[in-house]
1. Give a residue-ordered list of calculated ³J(HN,Hα) values for region 65-78 (Karplus: 6.51 cos²θ - 1.76 cosθ + 1.60, θ = phi - 60°; whole Hz; x for Gly, Pro).
2. Specify the angular offset, from 0 to 90 degrees and rounded to the nearest 10, of the alpha carbon long axis of helix 30-40 from the longest principal axis of the alpha carbons in the chain.
3. Using a simple spin-label model with points 7 Å from Cα along the Cα→Cβ vector, what separation in nm is obtained for Thr29 and Phe8?
4. Please compute P(r) over all alpha-carbon pairs of region 2-75, binned at 10 Å starting from zero, and give each bin as a whole-number percent.
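Any read-out appearing in this document is the output of simple, stated calculations on the displayed coordinates, not a laboratory observation. Remember, predicted model here, so these are calculated numbers, not experimental data. Reconstructed Cβ throughout: ideal geometry from the backbone, glycine too, with neighbour counts over all protein chains shown.
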Amino acid sequence: MQGKVKLFASLREAAGRSELDWELTEGATVAMLQSNLRERLPGVGEEIGRAWIAVNQQYASPDSQLEDGDEVALFPPVSGG
């Protein structure tokens, strides 16, 4: 299966790009994609695990299953006052 990942804010800055392709085996989950991205993009580290996740513009959880062609967006947590 293949798809796209879009990275926003500090994730985009740490990775040095805003979009990349993903390729995983059938039955993969968002958590598996996050693990794959940690290996491929060492600069994103722990922030990937805390990111808000959307699959095809719908919020998703780490155990959400991915389908071929899915677009996954990762948004880092935001803090402020």
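1. 7, 8, 10, 4, x, 5, 10, 10, 10, 10, 10, x, x, 10
2. Taking the Cα atoms of the chain, the angle to 30-40 is about 70 degrees.
3. 2.4 nm
4. Spelled out bin by bin, region 2-75 gives 21, 62, 17 percent.
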